[in-house]
């Protein structure tokens with residue numbers, strides 16, 4: 001584990017220098033970064049191709065314009081969530097959300113991400129701002145599609161996108177990340193481990209992996225060096241590994257609950273990292289769902305707004321010197337329609 005930590009922090013140093021993902025030195029009162037909009041990319045079958053790609057371009061353009069108008073020097077992070085891992089006709093990809101479940105291959109997702117990138121570049125005044133664009137799936141395993149092979153395919157998708165960016169005018173302004181909404185309730189820990197290990201086997205910097213999931217049932221207090229239990233026979237060690245222990249992984253978790261319970265869970269996970277592995281887990285930001293809640297309802301008690309989500313998490317982490325840190329990102333998720 002000691003050698004793994006050395007390698008992890010070598011990568012962190014590279015990120016600080018090149019991509020500013022790691023949070024700055026903790027101040028007495030950090031100013032919250034601007035909040036980006038992250039998307040559930042739900043589509044119907046007849047929207048594949050040009051309709052989706054056009055939407056991607058204009059949402060990228062809007063994000064670029066918004067970043068351009070901001071006085072913040074902090075790069076933004078946007079997650080495009082395409083839904084559950086899926087295989088169709090031998091092709092790896094995703095199936096969308098309830099009501100459509102449209103399959104998109106990794107090749108189709110590749111095209112969509114390129115359109116968002118182009119829109120962002122021009123919306124931000126020919127690349128005067130920087131964005132991390134994270135391409136997301138989850139670990140829902142209803143059809144046994146959360147696999148090592150899918151993780152490999154997802155890493156290859158992100159590697160290919162970063163290689164494409166390097167050959168465009170967006171080079172140095174757009175950085176592609178993988179992302180996964182990993183939640184204990186969605187699958188066994190073995191399935192999620194296999195996916196993350198598949199991703200890890202193929203990734204090339206800067207194709208880092210954001211876990212924008214939850215820590216269902218994990219401890220709210222009392223963490224020790226032995227891993228506490230979480231839902232579905234997961235433990236804190238499982239969530240730690242898929243958020244931070246795996247070399248490409250960084251946590252940007254859901255902080256939906258108005259009670260602050262999810263903030264406490266992630267502070268305890270950072271503390272578990274400190275006690276069991278010798279250093280804290282760095283949490284790079286918070287994800288809220290206020291826009292999605294306003295669109296569809298059904299979010300009583302889980303409708304934190306972005307300011308509350310970020311502040312809850314920052315306060316929880318900085319209430320203990322062993323986990324004290326600043327955070328670089330805030331995002332709020334919305335439905336495409």
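The values are calculated or read from the model by the stated rules, or taken from the named source; none is laboratory data. Predicted, not measured: the structure shown is a model, and the values here were computed from it. Reconstructed Cβ throughout: ideal geometry from the backbone, glycine too, with neighbour counts over all protein chains shown.
Data table
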| item | result |
| --- | --- |
| Within region 81-93, tally of residues that are in contact (Cβ under 8 Å) with a residue 60 or more places away in the chain and under 17 Å from the mean Cα position of the chain (by Cα) | 3 |
| Hits in region 292-307 - residues which are surrounded by 17 or more Cβ atoms within 10 Å (Cβ to Cβ), over 12 Å from residue 254 (Cα atoms) and either touching a strand residue (DSSP E or B) at 6+ places or on another chain (Cβ under 7 Å) or in contact (Cβ under 8 Å) with a residue 24 or more places away in the chain (or both) | 292 |
| So residue 312, is it within 21 Å of residue 219 (Cβ to Cβ) and surrounded by 22 or more Cβ atoms within 10 Å (Cβ to Cβ) | yes |
| Residue check for residue 111: part of a helix (DSSP H, G or I), in contact with a helix residue (DSSP H, G or I) (Cβ under 7 Å, 6 or more places away or on another chain) and more than 19 Å from residue 334 (Cα to Cα) | yes |
| Condition met for residue 330 (in contact with a helix residue (DSSP H, G or I) (Cβ under 7 Å, 6 or more places away or on another chain), part of a strand (DSSP E or B) and either crowded, with 23+ Cβ neighbours inside 10 Å or at pLDDT below 95 (or both)) | yes |
| Of residues in region 119-143 being touching a strand residue (DSSP E or B) at 6+ places or on another chain (Cβ under 9 Å) and surrounded by fewer than 22 Cβ atoms within 10 Å (Cβ to Cβ), the one farthest from residue 202 (Cα to Cα) | 127 |
| Those residues of region 249-283 which are surrounded by 20 or more Cβ atoms within 10 Å (Cβ to Cβ) and part of a loop (DSSP other than H, G, I, E, B), in sequence order | 252, 253, 255, 256, 280, 281, 282, 283 |
| Residue check for residue 286: out of contact with any helix residue (DSSP H, G or I) (no Cβ under 7 Å at 6 or more places or on another chain), under 23 Å from residue 76 (Cα atoms) and in a strand (DSSP E or B) | no |
